[in-house]
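Working notes, beginning with the structure itself.
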Amino acid sequence: MTVLDNLAADWKKCGACVVSRHDFRKDGLTLSAVTPTKALKAAAEALLRAGYALLDVSVMEVREGFLATYHFDSFAEAGRTALRTLVPFEAPELPSLSGLFQGAEWHERECSDFFGVRFFGNPNPVPLLLPDDFDGPPPLRKDPAALAPLSALGLFGVPEILDPAWAELIGPGGRPKGDRA
Amino acid sequence: MSGLGFINPFGVRELPGTTTGDFYTANFAQKAQPGRVILNLGPQHPSTHGVLRILAEMEGEYVWRAEPVLGYLHRMHERMAEVKTPQQFLPNMGRVDYLHPLAWNWAYVGAVEKLAGLEPPERAQWLRTLSCELNRISSHLLWWGAFVMDLGGVTPILYAFEEREKINDILQIITGSRLTMSYFRLGGVCADADDRFLALTREFVPYLRERLKMYRGLVTDNVILRRRLEGVGPIDVDMCRRYGATGPVLRAAGSPNDLRRDVPYGTYPQHDFWPATGFPDDCFGRYLVRLAEIESSLDIVEQAVRGLPPGPIMVDKPPKANFKMPAGETYFAVEGARGQVGVHLVSDGGKNPYRVKLRAPGFSNLSLFAEAAQGTLLADAVAILGSLDLVIPEIDR
Amino acid sequence: MALSLAVFVQIIVAVLLVIGLMVGNAVVMVYVERKACGFIQRRPGPFEVGPRGLLQAVCDSMKLLGKQIFVPGNIDWPLHFLAPVVAFLPVLLLYLPIPFGPYLTSLQVDDGILLILAFAGLGAVSNILAGWSSNNKYGLLGAARAVAQSVAYEIPMIMALLAVIFMTGTMNLTTLVEGQGGWPWQWNIVRQPLACFIYVVCLVAETNRAPFDLPEAESELTAGFHTEYSGMGFALFFLSEYANMLLVSFVCAVFFLGGWRGPFLDGFWWTFAKAYAIMFFIVWIRWTFPRVRFDQLLNLNWKWLLPLSILNLWLTAVVVKLAN
Amino acid sequence: MLRAIIDNLKGLYSLLVGLSITGRFLLSPQRTVHYPRQVVAPESLASFRGPLELVPSADDPAKTRCISCQMCVRACPDNCLKVVKGEGGKAPAVWVYDFSLCCLCAACVEACPASALRFSHKVYLTALTRDELKLDLLADLKARAAKAAGGADARPPAQPPAGLEPQARL
């Protein structure tokens, strides 16, 4: 799979913290990477060049902050990939990808609605699915006590850790205990 | 005239002291050029199929800028997924997209099964394929009727409903319901196919093939329809990629992308079919792709009825009420009638999922409407909107 | 013809009869249209009220009469209420020169068709008034479409009728009918098939019926120019739509289908039978075809129907000249 | 130019084809089933999921198989069931089912260890208020048992209004 190898190399060049290989049959992903927030756009650009399309943006609350997962798929060949980035609760700001993938605009607005994260550079940052006068807490925010640590969610397949700070976050072995595979 | 930069060339007077429209209109009007009218199509408009709202900046009959406004049918399914066990959340999936509920059933069940390492028995797999394809046909049929209705032909939808009723009757035998079906279970399906189901399905396939010929004469070959659609709203592969559009929209654009072929799941590798491609990338191409898909689904149904193996329809030890998913993450996608239906499931090992993200194909497909409709006539914009095959509950979730 | 007292009384009686015809026609056509559309769509149509649903249209009209008239804020009041009346009134006048039967003509005039064509244009005015005064963008778009459409399609319509007039040398509708025989091959449709075809297309467009119902295109403009009308306002538009349909069908029957002449037993029933056959055809195509786009509608007119009708007129003129 | 003329003539022909199709349907029989006068055939409803009903025990048709174990209550995603255990023994004293909340997902039916629940095939159930849809299933069971004792069919698939023949469908 040279496409994936190239992609992994590109991501490393962009400054990815972790690049993981996944078992597609189990995780539904082939390759994923954690990038610093700053490098997200560059990493996505590599995907755009490789002919990938943005499927969705899925934000998730973990103990360490908001983990945004961008799923990409290539129309030419099978192989879903994901980009992740972690932003702290105090500064929930992410770069918008809508300059690269125009479809990202709506996904980002949806995430802003549900989690209260902000995407700077989004051309039309108004509520998408929630009403404009919605005044509750973002509906998908969890109770702080119910938050799981990143290491407990088994997100990282077979990781190649490039940023030592992430070794601790991912935890031992990448996959948590209790995994049947 | 109001202070929102909204200038009305026809002199239709606004009430003094009131602003024009609500928050979204005001937001949209900020970028409007003077001399153009802002038209609200929806949320109650005959061609928005439910409660979609389109803001359009018009110059005469031309749409210069359009912006869909969503959320009128938002129900926060993703939150419900976090507070319910997978078994309890299953009926929700039939309500996300009421036209192709079994694809959503499959996407969610498949994701949980992947995570839990469950492998449904052979017969259950075949039944899943069979029912999902029947459901896809009924979804496309309804789209066909509704699309022609968008173009002003009211009669075809009634003919489509005749067939749809037959499919509903057939699917009701196994699923028990006619609309918001919840048929798949973790590790299998909930009811077995009986002889009546199989007999009716066998009868139905040649019947619909015969009716498709009538569709061709009545609608497909009709000169008015062809001239309304040919060359209208071209959407190419690059545009699909930028917006993440999938399904018939993408296949009409020329990419043979079909998850049933590319990432085979269920029994699709054992079926002889090929994604419909080779059509023009305009509205007419999208129309033809869906009609071709009805035919290919009929082939799959025929093969599935013939090849349905005997055996159990549930795994030996089906998940009980205290079922806990192992911690982990998975993404499972199936090919729905509108495109890739994806479920991103994260579990922390508890009873309820930690996070469920539902990827609705219609959401991405609709997001390209603004670009596709730019500079078209109002009637063409309506045609483009119809050709995207929108199901609003799925988009709003 | 001097306007003597007798003629005046005759006109009054005729107008009353025509009003009766219009209302009766609307009731019948609502029923026929709904039943035909039901049968085409394989459903029964109205069937609850009265035997086989015959009283449905009566019920509907009672309902429309009793409904509250609901108007949006900030409309142009005088125009808003004038529009349905303007739609309805000229139709009364238009029926006067129609020869229903050999002796059944309200007003014998030598140039009856001119009278009809002159006043038929008023229908578009009512659409403009309705769309303009409603303070509604859909209404405005519908009104704009109505004007363009009606202006465009009047020309080939007149040209097509003119070809027949060239041929027969009369504008008197009674003389026109008398010039045709009882059997279908003696009708003008055989001598002027192209004119008849053009006229039928224009007839559908002039009456704003599908597939040319652009001014009220439901899937684009919700209801077009009459979006904001309810109750009697809407009913009057409805009434005048059917009255207009009937009128153009009568003109078609008189011009091309031999009027009251039939294979046997000449009389007004033939006129009515022919007119309603055309009406049924209009209903039939409405429930069969999708709607054309607005630019296509205009292209069809300016690029095809108009040249064709001019060609037809020219050919007719040449043939008439040579034959003389 | 010639091409455009031929195209248009072909187009006119396609319109005639369309007219002939709708004309044919105009004369062919209707497909509607007039509800109060006709109803669908009972076999089409054989697996229709209507509101829940209790399965009578093998020996006594007025008794339920329910053992008040609360599995169904726990399985229900909509909290539409209420089962209260009776005095002495396992039989329930209260069995209330709120049909207005039910999503007919069958989670309760599948969770029941005693197979005491099933879907009825009542298609014609109507109610004017929400409260009318709070069904007392024990009373319903007793009523059915009484009816069965009276000689009628214990479990008619659907109850068409009296005096009307069901019309075959499909």
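The values are calculated or read from the model by the stated rules, or taken from the named source; none is laboratory data. The shown structure was predicted, so the numbers you read here are calculated from the model rather than taken from an experiment. Virtual Cβ from ideal backbone geometry, glycine too; neighbours counted across all protein chains shown.
Points worth noting:
- Leading residue by the ranking (nearest to residue A:164 (Cα to Cα)) among those in the range A:30-52 that are of a type in the set (Gly, Ala, Ser) and part of a helix (DSSP H, G or I): A:39
- The criterion of being touching a residue at least 60 places away in the same chain (Cβ under 8 Å) and either among the aliphatic types (A, V, I, L, M) or within 14 Å of chain B (Cβ to nearest Cβ) (or both) holds for residue C:161.
- Selection count, the range B:57-67, where residues are surrounded by fewer than 22 Cβ atoms within 10 Å (Cβ to Cβ), touching a residue at least 12 places away in the same chain (Cβ under 8 Å) and either within 14 Å of chain D (Cβ to nearest Cβ) or not acidic (Asp, Glu) (or both): 4
- Candidates B:380, B:348 - the one that is in contact with a helix residue (DSSP H, G or I) (Cβ under 6 Å, 6 or more places away or on another chain) and over 22 Å from residue A:107 (Cα atoms): B:348
- Subset of the range B:154-167 [farther than 30 Å from residue C:224 by Cα and facing another protein chain (nearest Cβ under 10 Å)]: B:162, B:165, B:166
- Which listed residue, of C:14, C:6, is out of contact with any strand residue (DSSP E or B) (no Cβ under 6 Å at 6 or more places or on another chain), farther than 22 Å from residue C:90 by Cα and assigned to a helix (DSSP H, G or I): C:6
- Condition check for residue B:115: in a helix (DSSP H, G or I) and over 22 Å from the mean Cα position of the chain (by Cα): yes
- Test: residue in the range B:279-299 that is within 12 Å of chain A (Cβ to nearest Cβ) and farther than 18 Å from residue B:130 by Cβ: no
- Taking each residue of the range A:48-65 that is within 12 Å of residue B:238 (Cα to Cα) and without any contact (Cβ under 8 Å) to a residue 40 or more places away in the chain and looking for partners that are in a strand (DSSP E or B) and of a type in the set (Asp, Glu) with beta-carbon atoms closer than 7 Å, six or more apart or interchain, yields A:52/A:73.
- Condition check for residue B:289: at pLDDT 90 or above, among the hydrophobic types (A, V, I, L, M, F, W, C), in contact with a strand residue (DSSP E or B) (Cβ under 8 Å, 6 or more places away or on another chain) and more than 30 Å from residue B:195 (Cα to Cα): no
- Residues of the range D:17-37 classified as in a helix (DSSP H, G or I) and within 10 Å of chain B (Cβ to nearest Cβ), total: 8
- The residues on offer are D:101, D:117, and the sole one that is of a type in the set (A, V, I, L, M), within 15 Å of residue D:63 (Cα to Cα), touching a helix residue (DSSP H, G or I) at 6+ places or on another chain (Cβ under 9 Å) and modelled with pLDDT of 85 or more is D:117.
- Single match in B:171, B:151 (criterion: within 14 Å of chain C (Cβ to nearest Cβ) and crowded, with 22+ Cβ neighbours inside 10 Å): B:151
- Every residue from the range A:97-116 that is in contact with a Pro (Cβ under 8 Å, 6 or more places away or on another chain), assigned to a loop (DSSP other than H, G, I, E, B) and more than 10 Å from chain B (Cβ to nearest Cβ): A:116
- Scanning the range B:305-335 for residues that are in contact (Cβ under 8 Å) with a residue 40 or more places away in the chain, within 13 Å of chain A (Cβ to nearest Cβ) and more than 30 Å from the chain's Cα centre (by Cα) turns up just one, B:326.
- Residues (surrounded by fewer than 17 Cβ atoms within 10 Å (Cβ to Cβ), in a loop (DSSP other than H, G, I, E, B) and either on the phi > 0 side of the Ramachandran plot or within 13 Å of chain A (Cβ to nearest Cβ) (or both)) located in the range B:260-278: B:264, B:278
- Candidate set from the range C:152-172 (those that are of a type outside the set (A, V, I, L, M, F, W, C) and not in a helix (DSSP H, G or I)); member that is surrounded by the fewest Cβ atoms within 10 Å (Cβ to Cβ): C:169
- Exactly one residue out of A:56, A:73, A:27, A:23 is modelled with pLDDT under 85 and crowded, with 22+ Cβ neighbours inside 10 Å, and it is A:27.
- Among the residues making up the range B:225-259, a single one is within 14 Å of chain D (Cβ to nearest Cβ) and free of Cβ contacts under 8 Å to residues at least 40 places away in the same chain: B:227.
- Between C:119, C:100, C:81, the distinction of being buried (at least 20 other Cβ atoms within 10 Å of the Cβ) and either touching a residue at least 40 places away in the same chain (Cβ under 8 Å) or in contact with a helix residue (DSSP H, G or I) (Cβ under 9 Å, 6 or more places away or on another chain) (or both) belongs to C:100 only.
- Within the range C:38-86, being modelled with pLDDT of 85 or more and in contact with a Pro (Cβ under 7 Å, 6 or more places away or on another chain) holds for C:38, C:56.
- Flag for residue A:127 being farther than 22 Å from residue A:42 by Cα, touching a helix residue (DSSP H, G or I) at 6+ places or on another chain (Cβ under 6 Å) and of a type outside the set (S, T, N, Q): yes
- Candidates B:98, B:72: the one that is within 16 Å of the chain's Cα centre (by Cα), of a type outside the set (A, V, I, L, M, F, W, C) and part of a loop (DSSP other than H, G, I, E, B) is B:98.
- The residues of the range D:83-129 that are of a type in the set (Gly, Ala, Ser), more than 11 Å from residue D:72 (Cα to Cα) and either touching a Lys or Arg at 6+ places or on another chain (Cβ under 7 Å) or not in a loop (DSSP other than H, G, I, E, B) (or both), listed by number, are D:93, D:100.
- Subset of the range C:202-237 [crowded, with 20+ Cβ neighbours inside 10 Å and among the aliphatic types (A, V, I, L, M)]: C:203, C:204, C:205, C:210, C:214, C:217, C:221, C:235, C:236
- Checked across the range B:25-46, the condition of being assigned to a loop (DSSP other than H, G, I, E, B), at pLDDT 85 or above, buried (at least 20 other Cβ atoms within 10 Å of the Cβ) and away from chain D (no Cβ under 14 Å) holds for no residue.
- Complete set of residues in the range B:181-213 that are outside any helix (DSSP H, G or I) and either out of contact with any helix residue (DSSP H, G or I) (no Cβ under 8 Å at 6 or more places or on another chain) or facing another protein chain (nearest Cβ under 8 Å) (or both): B:182, B:185, B:190, B:191
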